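Trainee: After the structure tokens below, expect a handful of questions from me.
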Amino acid sequence: MIFIHDHKFINKNGKIYTSGSLNNKVFQRYLYWFDDVTVFANEYFATRENTEVINDYNEVTNVEFELVNKKNREQGILTTSNKLKTAIDKNSFVIVRMPSLYGILAVSYAKKTKKKYLIELVGCPWDSLWNHSLKGKVVAPFMWFFTKKILRDASYVVYVTNVFLQKRYPTKGISIGCSDVILPSIEGDILLNRITKIKHMKNTTPVIIGTIAAMNVQYKGQDSVIKAISQLNKEGYNFEYHLAGGGDNRYLKDLAKKYEVDDKVVFMGTLSHKSIFEYLDTIDIYIQPSKTEGLPRALVEAMSRACPSLGSKAGGIPELINEELTFSPGSVDEICGLLKKMDKRLMLDEANRSFEKAKEFNYKLLDQKRNKFYKLFSEGVCINND
């Protein structure tokens with residue numbers, strides 16, 4: 001099977017590291033059904049800026065790679081397309097993760113060669129590109145049109161949301177809604193520890209807000225929270241904002257200084273999977289301020305630690321949290337209003353709600369649901385090929 005996405009993998013001395021969630025655990029799902037898995041994606045070499053992703057957890061060791069390097073990319077889309085076609089020809093099964101340009105090219109070729117394919121839709125290309133940059137606004141209509149067309153005609157689709165992406169990119173084929181989140185066991189003492197933490201909060205100590213997201217893309221929305229805590233602290237409140245995630249954080253650091261909260265904004269850097277959950281246990285409120293999302297894994301992880309949670313109305317976020325605790329993307333005033341409401345009583349209610357909601361993302365349950373679907377896909381391919 002070949003897995004295709006625009007993901008950036010880091011090459012250091014011949015070892016391949018993931019810069020995100022496409023790790024060994026994710027690829028192990030496919031190895032349950034397919035003898036060999038090849039990943040077609042982008043290759044970047046280790047630099048001073050991206051070495052933060054290089055650790056034991058992020059090394060990918062259980063799949064083969066066909067990577068598009070800098071020279072390929074500079075030679076243009078034709079070179080990349082030919083490389084992709086050659087890679088697809090070597091495999092019997094095609095799984096495409098979208099939105100991605102490579103995904104569009106791959107589906108077009110798979111249809112021409114009558115190879116059956118499955119699509120995993122993990123986000124909305126319109127939202128992510130439109131909120132990214134001026135160049136993104138130019139590309140957004142193109143990606144929206146082709147993604148919509150491809151999803152409509154696909155035979156097998158896995159959506160990471162239950163409602164949002166299905167409505168925006170419907171399919172005529174068979175589909176499931178199944179998050180790709182991987183949670184550790186959700187145990188009762190997590191909730192008890194959170195309740196104790198909330199009850200022992202003191203007015204003399206700051207309320208710590210947290211977000212897990214890349215720092216180098218403005219559509220993650222951390223700037224809105226920085227502006228909000230600046231406004232609130234001037235009104236006499238006491239908030240800190242602890243940000244976890246990789247990427248260039250200079251813009252956010254400069255913004256915190258401009259709004260006079262640089263002593264209240266803490267940059268945690270890239271955290272390992274284990275450290276993420278330890279970090280979540282230290283914060284009081286989790287906030288997902290994104291301008292675009294699929295179904296945010298980080299928010300589900302926060303809820304699994306019984307974090308009272310706020311979020312924007314982007315993507316699948318409203319499917320997860322209390323509708324009364326959502327806000328318009330980028331609205332500083334709405335964020336301020338919600339944070340003012342977060343007293344101990346509401347925080348206790350939301351801790352319980354978050355914890356119960358997170359149980360729906362039990363790894364074993366999601367894996368069973370996903371495995372049934374991939375079994376259907378793999379058997380359908382075999383039957384049709386015969």
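Trainee: Which residue, G188, G330, G246, has the most motion in a Gaussian network model of the chain that connects Cα atoms within less than 10 Å?
Mentor: With Cα springs under 10 Å in the chain, the top fluctuation among G188, G330, G246 is at G188.
Trainee: Pick from N13, N82, N322: which residue has the top mean-square fluctuation in a GNM of the chain where Cα pairs under 10 Å get a spring?
Mentor: Fluctuation is largest for N13.
Trainee: Keeping all protein chains in position, work out how much accessible area M268 exposes to a 1.4 Å probe, and write it in Å² to the nearest 10.
Mentor: Accessible surface of M268 is approximately 80 Å².
Trainee: Where both partners of a DSSP beta bridge lie in the chain, what percent of those bridges are antiparallel, to the nearest 5? Mind dumping the intermediate values first?
Mentor: Values: 5 of 49 bridges.
About 10 percent, rounded to the nearest 5.
Trainee: Tell me, what is the 1.4 Å probe accessible area of H7, in Å² to the nearest 10?
Mentor: The accessible area comes out at roughly 30 Å².
Trainee: Could you grab the relative contact order for the range 293-386? Cα pairs under 8 Å, six or more apart, rounded to a whole percent.
Mentor: Rounded, it is 30 percent for the range 293-386.
Trainee: Could you report the accessible area of W144 in Å², rounded to 10, computed with a 1.4 Å probe on the protein chains as they sit in the structure?
Mentor: Roll a 1.4 Å probe over it and W144 shows about 90 Å².
Trainee: Using a 1.4 Å probe on the protein heavy atoms, what percent of the accessible area of the range 173-280 belongs to carbon and sulfur?
Mentor: 49 percent
Trainee: For a distance above 25 Å, tell me the whole-number percent of Cα pairs in the range 170-313 that qualify.
Mentor: Distances greater than 25 Å cover 31 percent of the Cα pairs.
Trainee: Which entries of K220/K264; K234/K341; K202/K264; K172/K313 show an alpha-carbon separation above 23 angstrom in the structure shown?
Mentor: Values: K220/K264 19 Å; K234/K341 17 Å; K202/K264 17 Å; K172/K313 27 Å.
The answer is K172/K313.
Trainee: Something else about it: Just need log10 I(q)/I(0) for the range 141-228 at q = 0.22 Å⁻¹, Debye formula, equal scatterers on the alpha-carbon atoms, no solvent, rounded to two decimals.
Mentor: Treating every Cα as an identical point scatterer, log10 I(q)/I(0) equals -1.11.
Trainee: Carbon and sulfur atoms: what percent of the 1.4 Å accessible area of the range 51-124 do they account for?
Mentor: Using a 1.4 Å probe with all protein chains present, the range 51-124 comes out at 49 percent carbon and sulfur.
Trainee: While we're looking at this one, here's another question. Would you calculate the separation in nanometres between label points at D35 and K70, each defined as 7 Å from the Cα along the Cα-to-beta-carbon direction?
Mentor: For the pair D35/K70, the computed spacing is 3.8 nm.
Trainee: Hey, another quick one. Just the Cα atoms of the range 319-386: what Rg and Dmax do they give in Å?
Mentor: Rg then Dmax for the range 319-386, in Å: 20.3, 63.
Trainee: Grab the other residues whose beta carbon is less than 11 angstrom from that of S224, score K and R as +1, D and E as -1, and report the net.
Mentor: That works out to 0.
Trainee: A further question follows. Within the range 62-137, how many lysine pairs that are 8 or more places apart, or on different chains, have C-alpha atoms less than 12 Å apart? Present the calculation step by step, with values, prior to reporting the outcome.
Mentor: Numbers: K85/K111; K85/K112; K85/K115; K90/K115.
Qualifying lysine pairs in the range 62-137: 4.
Trainee: What number, in percent, do you get for the relative contact order of the chain if the mean sequence gap of Cα pairs under 8 Å and at least 6 apart is divided by its residue count? List each step's numbers first, then the result.
Mentor: Working: 690 pairs, mean separation 54.9, N = 386.
It comes to 14 percent, rounded to a whole number.
Trainee: Testing the spin-label approximation: label points 7 Å from Cα along Cα→Cβ at N82 and D343. State their distance in nm.
Mentor: Between N82 and D343, the label points sit 7.0 nm apart.
Trainee: Just need the Rg to Rh number for the range 262-386, please, alpha carbons only, Kirkwood Rh.
Mentor: Rg divided by Rh gives 1.10.
Trainee: Choose one answer from V138, V160, V107: the residue with the largest mean-square fluctuation in a GNM of the chain with alpha-carbon springs under 10 Å.
Mentor: Answer for the Gaussian network model of the chain: V138.
Trainee: Express the accessible area of the range 227-386 per residue in Å², computed with a 1.4 Å probe while the remaining protein chains stay in the model.
Mentor: Averaged over the residues of the range 227-386, the accessible area is 44 Å².
Trainee: Of all the stretches in the chain, which is the longest one without any exposed loop site, taking GluC sites (Glu not before Pro) in a DSSP loop (any state but H, G, I, E, B) with at most 12 other Cβ atoms within 10 Å?
Mentor: So the longest stretch without any such site is 50-186.
Trainee: How large is the helix-only mean residue ellipticity at 222 nm for the chain, computed as the sum of -39500 (n - 2.57) over DSSP H runs with n ≥ 4, divided by its residue count, in deg cm²/dmol to the nearest 500?
Mentor: About -13000 deg cm²/dmol.
The values are calculated or read from the model by the stated rules, or taken from the named source; none is laboratory data. As the structure is a computational prediction, the values presented were derived from the model and not from experiment. Backbone-built Cβ (ideal geometry, glycine too); neighbour counts: all protein chains shown. Just the protein is used for accessible areas: all its heavy atoms, side chains included, with ligands, DNA and RNA removed. Shrake-Rupley method; radii C 1.70, N 1.55, O 1.52, S 1.80 Å.
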